[in-house]
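The values are calculated or read from the model by the stated rules, or taken from the named source; none is laboratory data. These numbers come from a predicted model, not from an experiment. Here the Cβ positions follow ideal geometry from the backbone for every residue, glycine too, while neighbour counts run over all protein chains shown.
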Amino acid sequence: MRQGRARWLAGLAIVAGMAISPLPAYAKESTDPVKITSFSGAYLAARIAEGDNDLDNAIAYYKQALAFNPGDTSLQQSLMLSLIAQGRFEESLVYADKLKEVPDVERFSRLALAVDSFHKKDFTKAQYWLKLSLESDLDRLISGVMSGWAQEGAGNATEAMASIDKLQGPDWFGLFKSFHRALIADASGMSDKADALYDATLTDTTAGGAAPETWMRNAQAYASFLARKGDKNKALYVLDKAEAFAPGKLDIQALRDRITKGDKIEPFVSSPSEGASEILLDLAIALNRGGGEPFVRLYLQYALALKPDSDAALVQLAAVAEQLKDGEGAIALYRRIPASSPLKELSDLQLGLNLADLNRHDEAIAHLKAFVDAHPDDMRAYLALGGVYASKEDFRSAATLYDKAVAVLKTPTNANWNIYYQRGIAYERLKEWPKAEPNFRKALELFPDQPQVLNYLGYSWVDMNMNLKEGLAMIQKAVDLRPSDGYIVDSLGWAYFRMGRFDDAVREMERAVSLKPEDPVLNDHLGDAYWRVGRKLEATFQWNQARDLKPDPDVLATLQQKLMKGLPPIESNTAQETPKVKPVAPAPAPKG
């Protein structure tokens, strides 16, 4: 029932922007590739490795398969894409060259050759490679904006801006076009034009709602431009608007600090290669809405090939690695974030959380303890380390840590609700309810109607047969606020179950399972509810389903007992009416 810890910082981690599902990071097994003596064997091994996100072995097996059939364009394509996805860009170029006239793959092969031409500052050749025979809307925007940057590199900034302006496509093109025209005007010294374009993009908050991170990057670029012009007040005003649009962005906060101090501000984009990298980064961020991670990763690797020190691209790639359950890959990428980056602290936190998700708990604790010591006022660090303690069920250490965090908070704000919530959970798990309850109440004082707190406190009351009316009302409010959260809906079902309202319990638990059909505990709960209303065959089915979903050992033991004997009569063993788990405690929410 526990969610992976590595994504709880998503709101802050994705300063360059990405909406990510809360998935845990896992270590993938990696072995040296076996020498295979047939084409079919090598091909099958490559496909299996690729499906397991083991790209190094996939590459090795694709190379073995190509040794049997060197002219197979499909194999060349798979190998090229695997090399790019793994960041082995230079190796991919030989295959990109072979595939440059193959329409089905030229969007990737010619893009790779264009990136190489940007490296060589051969901007005429880059424009040639960016001419595609088959173009989707996405391809047209990428090739059009990158061609504009190539024109700017060749000294034709006015033509570059005009060519981007003429790009035909859906309405969502507009934000990307205006942002990159502003960047080109800025890079080429057209100050008045840049100012007008940055401002027009900033004003277009409707488009910003569709691509919020690109809108925020425009605000950052505009503030940098204004600071370099000496207009400090307007630069800070732009950052105020950005903060109001999306609070808590680390890049924005860091830029504000530097402008306020009077530090020298560098251009947001300082070369054609960086401009070409920016459009690939912008679109990769906008495209990542879950489910397309391998595709997004390709564009991020192209962006990184153009700007190898891009901290934004590195953080994005690390986040994609987490989505793909590649914790080791995420850690390696976070380690590449330079100490000077405003994303460094966040990356260090994420690194610790990935260590924990890989069950390297001692390393995670040592890493995060050092972070807490170095940043004693950073509540994110306490939440991260507390989450690792909780994953080990070391609730005493978690409670002690949260006591320390609360002592640091002289005047708590609504952003600090989660510290009290997590401290309440720690004390509740230690069976120290008189210490737990005031923390839940404090969390609600800071953040009224926070659904997870309502759920946890309300259910705890029902479970202890106290404040039943108020507790049930809290859980129902949590469900009203989060009707698609299967865990909270399940809590409502269990509350009804504990109160003997079994028909109501069945209704809510059926809904919970429909929302989270893959969860063994929710299926187990539904089986219990079916049994109590006399639907014993369906109860057995749900318990079997729960067993097959590989529950934790303690849940598995109760399932096996129930599959043999069912539930005892209520009057003979009321302990059976106690749920196997408390309401799910979510991964700590980010500050802001």
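For this structure, a couple of remarks:
- Cβ pairs under 9 Å, 6+ apart, first in the stretch 375-394 and surrounded by fewer than 17 Cβ atoms within 10 Å (Cβ to Cβ), second β-branched (Val, Ile, Thr) and assigned to a helix (DSSP H, G or I): Pro376/Val408; Asp377/Val408; Lys392/Ile365
- Listed conditions (1) in a loop (DSSP other than H, G, I, E, B); (2) within 16 Å of Glu243 (Cα to Cα) are all met by Trp215, apart from (1).
- Lone qualifier among Gln86, Gln77 - being under 15 Å from Leu324 (Cβ atoms) and either of a type in the set (Lys, Arg) or in the same structural domain as Leu111 (by TED's automatic domain parsing) (or both): Gln86
- In the stretch 119-146, the residues that are of a type in the set (Phe, Trp, Tyr) and modelled with pLDDT of 95 or more reach residues that are in a loop (DSSP other than H, G, I, E, B) and surrounded by fewer than 23 Cβ atoms within 10 Å (Cβ to Cβ) with C-beta atoms within less than 6 angstrom, at least six apart or across chains, in these pairs: Phe123/Ala154.
- In the stretch 162-170 there is no residue matching the filter, namely being in a helix (DSSP H, G or I) and in contact (Cβ under 8 Å) with a residue 24 or more places away in the chain.
- All positions within the stretch 114-138 that are among the hydrophobic types (A, V, I, L, M, F, W, C), within 16 Å of Ala303 (Cβ to Cβ) and assigned to a helix (DSSP H, G or I): Ala114, Val115, Phe118, Ala126, Leu138
- Taken together, the criteria exclude Tyr420 from residues that are farther than 22 Å from Gly248 by Cα and of a type in the set (Phe, Trp, Tyr).
- Scanning the stretch 91-101 for any residue that is in contact (Cβ under 8 Å) with a residue 12 or more places away in the chain, more than 30 Å from Gly327 (Cα to Cα), among the basic types (Lys, Arg) and not in a helix (DSSP H, G or I) turns up at least one such residue.
- Odd one out for Asp449, checked against (1) out of contact with any helix residue (DSSP H, G or I) (no Cβ under 8 Å at 6 or more places or on another chain); (2) assigned to a loop (DSSP other than H, G, I, E, B): (1)
- Residue pairs whose Cβ atoms lie under 9 Å apart, sitting 6 or more positions apart in sequence or on different chains, and linking a residue in the stretch 481-498 that is under 22 Å from Asn465 (Cβ atoms) to a partner that is surrounded by 24 or more Cβ atoms within 10 Å (Cβ to Cβ) and aromatic (Phe, Trp, Tyr), are Ser491/Tyr456; Ser491/Tyr459; Leu492/Tyr459; Trp494/Tyr459; Ala495/Tyr459; Arg498/Tyr459.
- Yes/no for Ile425 being crowded, with 24+ Cβ neighbours inside 10 Å and either at pLDDT 95 or above or outside any loop (DSSP other than H, G, I, E, B) (or both): yes
- For the stretch 461-478, the tally of residues that are assigned to a helix (DSSP H, G or I) and either exposed (fewer than 14 other Cβ atoms within 10 Å of the Cβ) or touching a Pro at 6+ places or on another chain (Cβ under 8 Å) (or both) stands at 6.
- Selection status of Ile365, surrounded by fewer than 24 Cβ atoms within 10 Å (Cβ to Cβ), farther than 29 Å from Ser270 by Cα and among the hydrophobic types (A, V, I, L, M, F, W, C): yes
- Number of residues in the stretch 235-257 that are exposed (fewer than 15 other Cβ atoms within 10 Å of the Cβ) and under 23 Å from the mean Cα position of the chain (by Cα) equals 3.
- For the stretch 250-260, the condition holds for at least one residue, the condition being that it is of a type in the set (Lys, Arg) and more than 25 Å from Leu283 (Cα to Cα).
- Filtered residue count, the stretch 370-412, keeping only those that are within 23 Å of Leu446 (Cα to Cα) and part of a loop (DSSP other than H, G, I, E, B): 7
- Restricting Glu363, Glu345 to those that are farther than 21 Å from Ser277 by Cβ and at pLDDT 95 or above reduces the list to Glu363.
- Selected residue (only one of Gly41, Gly17, Gly71 is at pLDDT 90 or above and part of a loop (DSSP other than H, G, I, E, B)): Gly71
- Trp172 within 24 Å of Phe108 (Cα to Cα) and touching a Pro at 6+ places or on another chain (Cβ under 6 Å): no
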